[in-house]
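Accompanying notes for the structure given below.
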Amino acid sequence: MSLAKPSGFFRDVATVARRALRSLLREPEAIIPALTIPVFFYAVNIGALQDLAESGPGELDFKAFQLPVAIVFAVTGVSRANMLVTDIQTGYLDKLLVTPVRRVSLLLGMMVADFVLVFCLSTLVVILGYVVGVRFESGLAGILVFLLISSAWGLAFTGFPYTVALRTGNPAAVNSAFLIFFPFAFLTTSFLPMEALTSWLQTVATWNPVTYLLAGLRSLISGGWVAEDLAKALIAVGGIGLVTFTMAFTSLRKRVTTG
């Protein structure tokens, strides 16, 4: 009897990613809230704050200002971590671990599926922005960069729920991992420019990576190609990704080692 042979790293990743993407088609309830909630808040924020925000000094297009916020809410916390928890609880992950599949690909494959999903969600929100009149000063290329940066942020944040999933195997704990995002989301320039914030909130926002993510995304809409803002946004995304991916893959290694 011949033993199963490794099929190749990229094939392993693609196989896991396809399975994760197929599961999304069977679970629309996992996708719909990720889109409806940010769309709801986008409409409410514009309806409640647009006149107030645009009455201040300077020219502020509040619809354009809020679009990156809607994007960030749409893509943050979206992951296949609950699917991973199910695999842990049913023993499917243990079965995979006795095959020649590369261990890293078990997590990378799900992250590839996450990236595809958050890119699609970002695209839908951008289309919504276009419908209500938001236009990009940076053109079509800027829209693509906008979508890629947004999707990279969504992917970077997936490390948190995957870490919780691998360490606890508990779906309730995974669902609560989104709470980590709330300080990132609200202690920043979500609703008003930096100069309009109170002094203590300005200080906190200065240390918040989402501040620089939003600034980079907003620059593509209203400022064209602002290299400094884009560089800071990429550094913020990369810094969060470095932390969360280290946590997630360390947790995977411990799960594989200890079972």
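Any read-out appearing in this document is the output of simple, stated calculations on the displayed coordinates, not a laboratory observation. Only a predicted model underlies this, so the values are computations on that prediction, with no experimental measurement involved. Glycine gets a Cβ as well: all are built from the backbone with ideal geometry, and neighbour counts include every protein chain shown.
Consider residue 51 against the criteria (1) under 21 Å from the mean Cα position of the chain (by Cα); (2) free of Cβ contacts under 8 Å to residues at least 24 places away in the same chain; (3) over 17 Å from residue 178 (Cα atoms): it satisfies all of them except one. Which criterion is unmet?
The single condition residue 51 does not satisfy is (1).
If I filter the stretch 246-259 for residues that are buried (at least 16 other Cβ atoms within 10 Å of the Cβ) and free of Cβ contacts under 8 Å to residues at least 60 places away in the same chain, do I get at least one hit?
Looking for residues that are buried (at least 16 other Cβ atoms within 10 Å of the Cβ) and free of Cβ contacts under 8 Å to residues at least 60 places away in the same chain, one finds none in the stretch 246-259, hence no.
Check 26, 102, 80 and return the single one that is farther than 25 Å from residue 143 by Cβ, free of Cβ contacts under 8 Å to residues at least 40 places away in the same chain and not hydrophobic (A, V, I, L, M, F, W, C).
26
Which helices (runs of 4 or more DSSP H) does the stretch 166-259 wholly contain that include 1 or more residues that are over 21 Å from residue 66 (Cα atoms) and aromatic (Phe, Trp, Tyr)? Let's see the steps before the verdict.
Values: elements: 171-176, 181-186, 199-206, 209-218, 227-258.
Fully inside the stretch 166-259 and qualifying: 199-206, 227-258.
Of all residues in the stretch 224-237, which are surrounded by 13 or more Cβ atoms within 10 Å (Cβ to Cβ) and out of contact with any Pro (no Cβ under 8 Å at 6 or more places or on another chain)?
Filtering the stretch 224-237 for residues surrounded by 13 or more Cβ atoms within 10 Å (Cβ to Cβ) gives 225-226, 229-230, 232-237.
The answer is 225, 226, 229, 230, 232, 233, 234, 235.
I need the helices (runs of 4 or more DSSP H) fully contained in the stretch 74-140, keeping only those with at least 3 residues that are among the β-branched types (Val, Ile, Thr).
On the way: elements: 81-90, 92-97, 103-131.
Fully inside the stretch 74-140 and qualifying: 81-90, 103-131.
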